[in-house]
Amino acid sequence: MTGPSRQALLGAALLAAGRPVTLRELALVLGVPEDAALREVTAFTAQVASADLGFVVEAVAGGYRLVVPPATAPHLSPLLSPPPLPALSSAALEVLAVIAYRQPVTRAEIEAMRGGSASTVVTLQERELVKVVGRSDAVGQPLLYGTTERFLLEFGLTSLAELPPLESGNFAHLLRS
């Protein structure tokens, strides 16, 4: 009796993980080198897309995951819960943009760049979009903030290098969906 195929293992790993799975992890599950795992992922992605199964493979946050295409998601609303969180305020989006582009950054630096309060940092932490990444060497050793993996997931980025270029100093418009 033989075990599951590589494609079956790959699909099961992406489904069962519930998070992006790195190429290294997939290579380990498949028992192949990373370059062979990449070929398997590429073939699996094409196979899933052509089969029109209601989900696709997405490369995000340094790994791969199964997701529902945006066009399909509204049809699933009776099944999805909890309801989505309210949209972030423009102030919260500005603070998030400052953190994303300037991390690691202190609250005082955020306030200086914005010219206003950074009180929305707490909201961004509650939504797991930002986190404390250390302490500054400045007097009082203030907390340093940076973005999280969830930030990458929520905005569909594989890395911070994919952030759009800054234009005219207006951060909020860059992150609105």
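Just to check your reading of the model, which residue among Gln103, Gln47 is under 30 Å from Ala138 (Cα atoms) and either of a type in the set (S, T, N, Q) or outside the structural domain of Leu166 (by TED's automatic domain parsing) (or both)?
Among Gln103, Gln47, only Gln103 is under 30 Å from Ala138 (Cα atoms) and either of a type in the set (S, T, N, Q) or outside the structural domain of Leu166 (by TED's automatic domain parsing) (or both).
Could you give me the residue pairs with C-beta distances under 7 Å whose first residue belongs to the stretch 5-31 and is touching a residue at least 12 places away in the same chain (Cβ under 8 Å) and outside any helix (DSSP H, G or I), whose second residue is of a type in the set (Phe, Trp, Tyr) and crowded, with 18+ Cβ neighbours inside 10 Å wherever it lies, and which are 6+ apart or on separate chains?
Pro20/Tyr64; Val21/Tyr64
In the stretch 27-62, which residues are among the small types (Gly, Ala, Ser), touching a Leu at 6+ places or on another chain (Cβ under 7 Å) and within 16 Å of Gly156 (Cβ to Cβ)? Break it down stepwise before answering.
Looking only at the stretch 27-62, we keep the residues that are among the small types (Gly, Ala, Ser), and these are 27, 31, 36-37, 43, 46, 49-51, 54, 59, 61-62.
Still in the running and touching a Leu at 6+ places or on another chain (Cβ under 7 Å): 37, 61.
Ala61 - this is the single residue of the stretch 27-62 that is among the small types (Gly, Ala, Ser), touching a Leu at 6+ places or on another chain (Cβ under 7 Å) and within 16 Å of Gly156 (Cβ to Cβ).
Would you mind finding the one in Leu96, Leu124, Leu144, Leu152 that is in a helix (DSSP H, G or I), surrounded by 15 or more Cβ atoms within 10 Å (Cβ to Cβ) and free of Cβ contacts under 8 Å to residues at least 60 places away in the same chain?
On the way: Leu96 fails: free of Cβ contacts under 8 Å to residues at least 60 places away in the same chain; Leu144 fails: in a helix (DSSP H, G or I); Leu152 fails: free of Cβ contacts under 8 Å to residues at least 60 places away in the same chain.
On inspection, the qualifying residue turns out to be Leu124.
Identify the residue in the stretch 39-64 that is over 20 Å from Leu76 (Cβ atoms) and within 20 Å of the chain's Cα centre (by Cα) and, among all such residues, is surrounded by the most Cβ atoms within 10 Å (Cβ to Cβ). If you could, list the steps in order and put the result at the bottom.
Applying the first criterion (over 20 Å from Leu76 (Cβ atoms)) to the stretch 39-64 yields 39-47, 50, 59, 61-64.
In the following step, the residues that additionally are within 20 Å of the chain's Cα centre (by Cα) were identified as 41, 45, 59, 61-64.
On the way: Val41: 21, Thr45: 16, Ala59: 14, Ala61: 22, Gly62: 14, Gly63: 20, Tyr64: 25.
Across the stretch 39-64, the extreme among qualifying residues is Tyr64.
Is it true that some residue in the stretch 37-49 is modelled with pLDDT of 90 or more and among the charged types (D, E, K, R)?
Yes; the residues of the stretch 37-49 include at least one that is modelled with pLDDT of 90 or more and among the charged types (D, E, K, R).
How many residues are buried (at least 19 other Cβ atoms within 10 Å of the Cβ), closer than 23 Å to Glu162 by Cβ and out of contact with any Gly (no Cβ under 6 Å at 6 or more places or on another chain) if we restrict to the stretch 9-38?
Number of matching residues: 3.
The values are calculated or read from the model by the stated rules, or taken from the named source; none is laboratory data. Please read all numbers here as calculations on a predicted model, not as lab measurements. Note: ideal-geometry Cβ built from the backbone for every residue, glycine included; neighbour counts use all protein chains shown.
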